[in-house]
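Undergrad: Before we start, here is the structure in question, set down as structure tokens.
The values are calculated or read from the model by the stated rules, or taken from the named source; none is laboratory data. Please read these numbers as outputs of a predicted model, since none were measured by experiment. Ideal geometry is used to build each Cβ from the backbone, glycine not excepted, and the neighbour counts take in all protein chains shown. The accessibility values were calculated without ligands, DNA or RNA, using every heavy atom of the protein model including side chains. Shrake-Rupley method; radii C 1.70, N 1.55, O 1.52, S 1.80 Å.
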Amino acid sequence: MEKRVFNFNPGPATLPLPVLEHAQAELLNYQNTGMSVMEMSHRSKDFEEIVFNTEALFKEISGVGDDYRILFLQGGASQQFALIPLNFLSPGKRGAYAITGNFAKKAYEEAQKIGETHVAVNTADNKYTKIPRQEELDIPADAAYLHITTNNTVYGTQWHYIPETNGVPLVADMSSDILSRPLDYKKFALFYAGAQKNLGPAGVVVVGISKKMLEKVPDTLPAIFNYNTLAKKNSLYNTPPTFGIYMLQLVLQWLKAQGGLEAMAKHNQEKAALIYEVIDRYDFYKGYAEKKSRSLMNVTFRLPAEELEQKFVQEAAEIGLVGLKGYRTVGGIRASIYNAMSRKGCETLASFMEDFAKKHS
Ligand SMILES: *Cc1c(COP(=O)(O)O)cnc(C)c1O
């Protein structure tokens with residue numbers, strides 16, 4: 001492959017080209033330190049500055065301000081499935097879960113091993129094709145938290161409202177749509193995201209946590225699992241994923257230069273509309289998610305036959321549209337179009353879809 005492809009992989013996913021070029025330019029010698037960020041002590045002033053800047057930039061873009069701490073940890077979003085109940089499900093407390101997809105279900109199953117849980121809603125009967133309405137949520141008033149997954153990466157559904165919890169702390173896995181749209185992040189007591197979809201390379205997970213929530217963490221937890229310790233040490237309790245954090249900083253700088261969350265939302269809406277429009281215009285395609293619950297990040301759809309889906313994936317790859325195969329439990333096609341996917345990529349895919357439908361219907 002001589003040139004870069006349009007990469008629709010669900011994660012690790014495409015990164016903004018200017019970010020990669022920036023990293024390339026200072027890969028060997030970071031700002032006259034004579035070394036790469038990868039070779040730098042995490043206790044050095046230069047690296048501490050990267051961590052502080054990245055936290056400040058994240059707070060600025062998300063709008064959470066100083067009532068929150070932003071942590072950069074390892075273990076992926078999956079480790080957070082366990083850390084959240086470990087930190088907040090003290091005996092007698094229960095965690096409520098909205099089970100709206102496979103990662104949401106995993107989060108719930110991990111919590112079950114650690115403490116008491118409660119199912120606020122489960123959309124498995126609808127094959128996870130839709131996001132529940134507020135009235136469908138059963139949130140016990142004494143719950144330690146309600147856990148939701150703001151974007152269901154596998155099924156292609158997305159919450160388009162923030163549920164009202166009447167004082168129960170709201171916790172969210174935002175791995176596949178963090179910083180993709182303006183959102184009142186302060187409504188979430190804790191939010192987290194594996195970086196490899198919308199924020200950077202794999203290996204870093206971002207956790208935003210309110211200071212009020214931090215106060216609830218018991219001292220009895222091992223330090224490495226304790227949000228309070230990790231926050232007090234500014235994510236430098238142990239060696240953090242240094243290069244990943246540096247890349248995350250570059251992505252945040254890029255995002256800000258694009259115009260922040262407002263601009264990102266407009267860009268993402270327009271991109272998704274290009275593809276959904278073709279799905280809706282041709283009977284040949286069948287969108288997986290219910291229309292009102294459609295994700296702007298992962299567009300999922302089926303073709304009339306599996307052989308056609310295979311052919312679709314193969315022919316798309318031949319013209320440089322890669323990573324379109326759907327998740328094994330859903331089948332079909334999934335186009336992951338996170339912040340860094342260009343409009344041109346979505347236009348090229350939409351036009352390929354039109355040609356393909358005309359040729360095969
Ligand atoms: C990808 C993904 C995960 C898993 O992330 P890891 O970093 O691999 O642990 C969890 N939740 C959601 C919503 C995801 O999209």
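Undergrad: In the stretch 70-91, how many residues are closer than 23 Å to residue 57 by Cβ and away from the ligand (no atom under 15 Å from the Cβ)? Full working, then the answer.
TA: Let us first name the residues in the stretch 70-91 that are closer than 23 Å to residue 57 by Cβ, namely 70-77, 80.
Of the ones still in play, those that are also away from the ligand (no atom under 15 Å from the Cβ) are 70.
Number of matching residues: 1.
Undergrad: What's the total number of residues in the stretch 308-333 that are crowded, with 16+ Cβ neighbours inside 10 Å and part of a loop (DSSP other than H, G, I, E, B)?
TA: So the answer is 6.
Undergrad: Right, something else. Could you give me the residue pairs with C-beta distances under 9 Å whose first residue belongs to the stretch 149-166 and is closer than 14 Å to residue 134 by Cα and open to solvent by 10 Å² or more (accessible area, probe 1.4 Å), whose second residue is hydrophobic (A, V, I, L, M, F, W, C) and within 11 Å of the ligand (Cβ to nearest atom) wherever it lies, and which are 6+ apart or on separate chains?
TA: 162/148; 162/172
Undergrad: Among the residues of the stretch 30-47, write down those that are of a type outside the set (A, V, I, L, M, F, W, C) and either surrounded by 12 or more Cβ atoms within 10 Å (Cβ to Cβ) or within 24 Å of residue 237 (Cα to Cα) (or both).
TA: Those that are of a type outside the set (A, V, I, L, M, F, W, C) and either surrounded by 12 or more Cβ atoms within 10 Å (Cβ to Cβ) or within 24 Å of residue 237 (Cα to Cα) (or both): 30, 33, 36, 39, 41, 42, 43, 44, 45, 46.
Undergrad: Would you mind telling me which numbered condition in (1) surrounded by 13 or more Cβ atoms within 10 Å (Cβ to Cβ); (2) within 29 Å of residue 345 (Cβ to Cβ); (3) out of contact with any Asp or Glu (no Cβ under 8 Å at 6 or more places or on another chain) residue 77 fails?
TA: Residue 77 satisfies every listed condition except (3).
Undergrad: Filtering the stretch 84-117 down to residues that are in contact with a helix residue (DSSP H, G or I) (Cβ under 7 Å, 6 or more places away or on another chain) and without any contact (Cβ under 8 Å) to a residue 40 or more places away in the chain, which residue is farthest from residue 222 (Cα to Cα)?
TA: The qualifying residue farthest from residue 222 (Cα to Cα) is 99.
Undergrad: If you go through the stretch 158-177 one residue at a time, how many are within 11 Å of the ligand (Cβ to nearest atom), of a type outside the set (A, V, I, L, M) and out of contact with any Leu (no Cβ under 8 Å at 6 or more places or on another chain)?
TA: 3
Undergrad: Could I ask something else about it? Among the residues of the stretch 209-233, count how many are touching a residue at least 12 places away in the same chain (Cβ under 8 Å), open to solvent by 40 Å² or more (accessible area, probe 1.4 Å) and assigned to a helix (DSSP H, G or I).
TA: Selection size over the stretch 209-233: 4.
Listed here are the residues, each with its yes/no results for (1) touching a helix residue (DSSP H, G or I) at 6+ places or on another chain (Cβ under 8 Å); (2) in the same structural domain as residue 23 (by TED's automatic domain parsing); (3) among the β-branched types (Val, Ile, Thr).
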position: 232; (1), (2), (3): no, yes, no
position: 237; (1), (2), (3): yes, yes, no
position: 249; (1), (2), (3): yes, yes, no
position: 266; (1), (2), (3): no, no, no
position: 271; (1), (2), (3): yes, no, no
position: 296; (1), (2), (3): yes, no, no
position: 306; (1), (2), (3): no, no, no
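Table: residues versus (1) open to solvent by 40 Å² or more (accessible area, probe 1.4 Å); (2) within 27 Å of the chain's Cα centre (by Cα).
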site	(1), (2)
277	yes, yes
306	yes, no
335	no, yes
343	yes, yes
349	no, yes
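Undergrad: Across the stretch 234-284, what is the number of residues that are hydroxyl-bearing (Ser, Thr, Tyr), part of a helix (DSSP H, G or I) and touching a residue at least 60 places away in the same chain (Cβ under 8 Å)?
TA: Total meeting the criteria: 2.
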